[in-house]
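The values are calculated or read from the model by the stated rules, or taken from the named source; none is laboratory data. Every value quoted in this text rests on a predicted model; they were computed, and no experiment measured them. As a convention, Cβ positions derive from the backbone with ideal geometry for all residues, glycine included, and neighbour counts pool all protein chains shown. With ligands, DNA and RNA removed, areas are computed over all heavy atoms of the protein, side chains included. Shrake-Rupley method; radii C 1.70, N 1.55, O 1.52, S 1.80 Å.
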Amino acid sequence: MTFNHSIDVSSNRPGTSSPDVLRTLLGRIPALAGEIAKEASQRDLERELPFEAFRLIREAGLGALRIPVELGGPGGSVSDYIELIASLAAADPNVAHALRSHFNFSEAVIHSPDSAEKRDYISKILDGKLFAGAHTEVGAPLGTILTRLTRVGDSYRLNGRKWYATGSAYSDFLSFSATNDEGQVVSVLLPADRPGINVLDDWDGMGQRLTASGGVLLDNVEVLASELKTRSHDADVGRHCSTLRQLHLAACAAGVVRNIRKDAVSYVRKQARAAMHSPVEIARDDQFVQQVVGEIAANVYAADALIAHTARILDESSRALLSADPGVDQQLIEASISNAQMQVVVAKLALRSAEVLFEVGGGSATSRKYNFDRHWRNIRTVLNHNPLLHKARVVGDFYLNETTTHLREGLVF
């Protein structure tokens, strides 16, 4: 599968409006998602990493979706981006999830002040490069960085082991945090093929098995002074990006529910038999089967609506940041509380859909060849990133006591 490159995102000129470029870019999504969906279930069964999917994503130019027109990009909104993720998740949630680090990086860049570093990052994104990395470390308290960056002559050497390196196997540039010789935490941004960077692909979770979310071994990796990355201290941008990262995960779960609806309809039409005591001859006419499919469809509708509504609120947050709106703090709180409420509800709808899918068929619906259990495994794994009970508690505290402590921290809100 190839895409027509007569419309080239990277050729946009700053300040030039290009609605046709954005429409063309968005128009590529259905065909791309359809291609990625092929053999997605089989890849999950055989643990075959979807490298081809990321080649198609680069070719389509979708990694540059959020770059504003004035910076040479197509000017896609948060709503456009979240719909892209949900569409990809309906095809293969591993692919959608693995792009989370890239779009987080892109979002932070477009909201940062103008600099030579920013212009370089924008150029790379427009050129189709994908970004990922890892900061968490196993065996260390949360926030503790054991990875060391040591000066050696005019350059540096990076040594350590990272975890939760989601998307790193598919990316062109990788970001890592480390502690330098002065005991300060710094970041580096390196080409993914730099000698000494070893993406281990040892993620052993029951779901999202193909996201390359395992470890990265950093073995005496050379780091040039120019590859030291400026660490952003803009708390408001950090809050916005944190909320968007959570919305990305919810969009992955919502996309899986779309796939559950598709699998339910397909199975009933092609394989399911009417139950022994059913008053009808074929499963698609059975009222209980119709009810199950109807419930799943309603869950898709509700999850999509909640995701889209939250994305529109985050579009407003982005505009407030870019325009230095004095009311940005309140806008960010609204985005965080909306996101938390949405996640609590979407989680229930998604898990329920994955469970009742099996009600459309008998024992045959549990056959490994259908791999229907992957939907529950993938949703449960996505939802385990951050405790939903904590989100619900914070929402309750907000309404009861107007507490905004965690909402202002960002992190998982």
Percent carbon-and-sulfur accessible area, region 328-401, ignoring ligands, DNA and RNA, probe 1.4 Å: 57
The chain - share of DSSP beta bridges that are antiparallel (%, nearest 5): 85
Angle in degrees between helix 328-356 and the longest Cα principal axis of the chain, rounded to the nearest 10: 40
Rounded to the nearest 10 Å², the accessible area of Lys391 at probe 1.4 Å: 0
Lysines whose Cα lies under 23 Å from that of Lys391, excluding same-chain neighbours fewer than 8 positions away: Lys348
Folded to 0 to 90 degrees: helix 100-110 orientation relative to the chain principal axis, Cα: 50
Accessible solvent surface per residue of region 257-413, calculated while the other protein chains remain in place, 1.4 angstrom probe, Å²: 54
Rounded percent of accessible protein surface that carbon and sulfur make up, region 215-320, 1.4 Å probe: 52
Over the chain, relative contact order from alpha-carbon pairs under 8 Å, at least 6 apart, %: 16
Using alpha-carbon coordinates, inclination of helix 388-401 to the longest axis of the chain, degrees: 80
Within straight-line cross-link reach of Lys369, lysines at Cα separation under 24 Å, skipping those fewer than 8 residues along the same chain: Lys38, Lys262, Lys270
Size of electric dipole in region 118-160: Cβ of Lys, Arg +1 and of Asp, Glu -1, about Cα centre, debye, nearest 20: 100
